[in-house]
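Chemist: Just dropping this structure here.
The values are calculated or read from the model by the stated rules, or taken from the named source; none is laboratory data. This one's a predicted model, so the numbers in the text were calculated from it and none came from an experiment. When we count neighbours, we look across all protein chains shown, and the Cβ atoms used for this are built from the backbone with ideal geometry, even at glycine.
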Amino acid sequence: MDKKPTIKTIAKLAGVSHVTVSKALRDYPDISLATKEKIKTIASEIGYIPNAFARNLSSNVSSSIGMIVPSIGADTIYNEVFTTISAESSKHGLSVVLGSCNRSIELEKSFCRIMCENRVGALVITSVSSDVSHIKEICKDTVPLIFIGGKTGAEEENCIVNDYFYSGKLAVEHFVGLGHKDIALFVYSPTNKTITQKIQGFEASMKYFGLVPRVYWKGDNTDTFNAGKILTEELIAEKKLPSAIWCASDLMALGVLDTLKAYNILVPRDVSLMGHDDMFIGRMPFISLTTIGMPKKEIGVKTVEIALSLMNEPIKNKTHKYVFKPHLIIRNSTDICSKFNSL
């Protein structure tokens with residue numbers, strides 16, 4: 001069959017009206033079981049695929065969820081969250097439309113318009129910046145918004161936020177438990193709300209243990225690997241390398257690790273190293289990076305739960321706010337502080 005089969009094609013082959021075909025494919029109770037089976041068999045044989053967009057327009061019910069993230073790939077946490085959201089959505093007959101804006105606010109705006117124009121049932125956003133006024137202005141009340149991640153706070157109507165303050169507490173407690181006192185935090189974009197929370201948690205915990213917090217920052221979130229390298233080189237040159245380093249991201253920690261190896265400084269014998277995010281590459285045996293992870297699967301499942309609720313309720317009928325705490329993942333890059341460390 002040359003042309004793409006339509007409802008009218010099925011109607012002609014079945015000898016019924018296109019309205020009957022439409023109802024049969026959606027299991028309307030006023031269509032007999034025999035007619036439904038006949039129509040569905042024909043549809044299967046000719047390779048008919050329902051037009052979800054047309055169905056959305058006619059029924060005003062969407063069959064998709066939109067998701068916009070700053071970036072996607074093995075070096076981000078969004079990949080695993082998206083995978084879970086996609087899998088969970090499929091269980092409910094929903095597809096997920098993904099937009100990766102490459103950390104560009106203009107692209108973020110563009111994807112918001114596209115998602116709204118295509119009538120997604122809900123829009124999940126991990127925003128590029130803490131200011132999301134442009135997103136709200138574009139979407140207004142047309143699409144329910146769900147903000148996930150740390151750049152937006154619990155002030156949003158529907159949100160899943162991560163407790164990054166607690167990340168700082170976990171990092172310091174782990175290092176102190178290993179006997180470290182000279183502990184540094186490496187960050188990028190210190191005004192970023194996610195980073196700010198990590199700094200606050202780190203500093204509060206260091207002061208709790210009577211230790212002096214050392215916080216160093218370099219660059220922004222576009223090249224954290226090199227930011228880690230540069231900071232490490234600077235401290236080595238100044239002979240101020242601490243016995244333990246916590247990095248705001250795993251990718252930054254990998255930059256630190258690369259530089260330490262270049263100077264024949266061993267991890268964890270000479271310097272204990274910890275990241276944040278639990279990236280896939282950090283799990284590799286040749287890296288084995290101690291890190292702090294977020295419950296990505298649970299976040300994905302809860303996101304879909306919120307989306308389904310919003311798609312079946314008036315947009316402003318109810319708010320959904322959840323806070324997820326991180327967890328420590330101990331691997332081989334941290335160890336007991338060596339009293340022989342004189343770096």
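Chemist: Go through the residues of the range 249-271 one by one and say whether even a single one is closer than 18 Å to E173 by Cα, in contact (Cβ under 8 Å) with a residue 12 or more places away in the chain and assigned to a strand (DSSP E or B).
Modeler: No, every residue in the range 249-271 fails to be closer than 18 Å to E173 by Cα, in contact (Cβ under 8 Å) with a residue 12 or more places away in the chain and assigned to a strand (DSSP E or B).
Chemist: Output the helices (runs of 4 or more DSSP H) that fall wholly within the range 96-183 and possess 1 or more residues being within 21 Å of N221 (Cα to Cα), out of contact with any Pro (no Cβ under 6 Å at 6 or more places or on another chain) and of a type in the set (D, E, K, R), or say none.
Modeler: Once the helices (runs of 4 or more DSSP H) in the range 96-183 are filtered for at least 1 residues that are within 21 Å of N221 (Cα to Cα), out of contact with any Pro (no Cβ under 6 Å at 6 or more places or on another chain) and of a type in the set (D, E, K, R), what remains is 105-117.
Residues checked against (1) hydroxyl-bearing (S, T, Y); (2) touching a Cys at 6+ places or on another chain (Cβ under 7 Å); (3) free of Cβ contacts under 8 Å to residues at least 40 places away in the same chain; (4) surrounded by 18 or more Cβ atoms within 10 Å (Cβ to Cβ):
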| residue | (1), (2), (3), (4) |
| --- | --- |
| T9 | yes, no, yes, yes |
| L13 | no, no, yes, no |
| V21 | no, no, yes, yes |
| D27 | no, no, yes, no |
| L33 | no, no, yes, no |
| E37 | no, no, yes, no |
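Chemist: Still on this structure, I have one more. Return the residues of the range 184-195 that are assigned to a helix (DSSP H, G or I) and over 16 Å from G275 (Cα atoms); say none if nothing qualifies.
Modeler: If the condition is that a residue be assigned to a helix (DSSP H, G or I) and over 16 Å from G275 (Cα atoms), then K193 is the only one that fits.
Chemist: Ok, one more. Applying the selection to the range 305-340, what residues are modelled with pLDDT of 85 or more, among the aliphatic types (A, V, I, L, M) and either surrounded by fewer than 18 Cβ atoms within 10 Å (Cβ to Cβ) or farther than 12 Å from N158 by Cα (or both)?
Modeler: The answer is L308, M311, V323, L328, I329, I330, I336.
Chemist: Let me ask something additional. Working only within the range 117-129, note down all residues that are farther than 16 Å from N102 by Cα and modelled with pLDDT under 90.
Modeler: Matches in the range 117-129: E117, N118, R119.
Chemist: Specify which of the listed residues (T224, T232) is in the same structural domain as V267 (by the TED database), farther than 30 Å from E298 by Cβ and crowded, with 23+ Cβ neighbours inside 10 Å.
Modeler: Just a single option satisfies the conditions, and that option is T232.
Chemist: Failed condition for I292, given (1) touching a Lys or Arg at 6+ places or on another chain (Cβ under 7 Å); (2) under 21 Å from H174 (Cα atoms), with all others met?
Modeler: In the conditions (1) touching a Lys or Arg at 6+ places or on another chain (Cβ under 7 Å); (2) under 21 Å from H174 (Cα atoms), I292 misses (1) alone.
Chemist: Filter the range 151-175 down to the residues that are of a type in the set (A, V, I, L, M) and crowded, with 19+ Cβ neighbours inside 10 Å, then identify the one that is farthest from H320 (Cα to Cα).
Modeler: V172
Chemist: Continuing with this model, one more query. Only one of K193, K240 is outside the structural domain of V128 (by the TED database), farther than 29 Å from N102 by Cβ and surrounded by fewer than 21 Cβ atoms within 10 Å (Cβ to Cβ). Can you tell me which?
Modeler: Working: K193 fails: farther than 29 Å from N102 by Cβ.
So the residue among K193, K240 that is outside the structural domain of V128 (by the TED database), farther than 29 Å from N102 by Cβ and surrounded by fewer than 21 Cβ atoms within 10 Å (Cβ to Cβ) is K240.
Chemist: Condition first: buried (at least 17 other Cβ atoms within 10 Å of the Cβ) and either of a type in the set (F, W, Y) or at pLDDT 95 or above (or both). Now tell me which residues in the range 70-87 satisfy that.
Modeler: Y78, F82, T84, I85, S86
Chemist: Filter the range 196-220 for residues that are basic (K, R) and more than 26 Å from the chain's Cα centre (by Cα); which is surrounded by the most Cβ atoms within 10 Å (Cβ to Cβ)?
Modeler: Applying the filter and picking the extreme gives R214.
Chemist: Next question. Looking only at the range 1-21, count every residue that is closer than 16 Å to S44 by Cβ and either in a loop (DSSP other than H, G, I, E, B) or at pLDDT below 90 (or both) and tell me the total.
Modeler: Within the range 1-21, residues that are closer than 16 Å to S44 by Cβ and either in a loop (DSSP other than H, G, I, E, B) or at pLDDT below 90 (or both) number 6.
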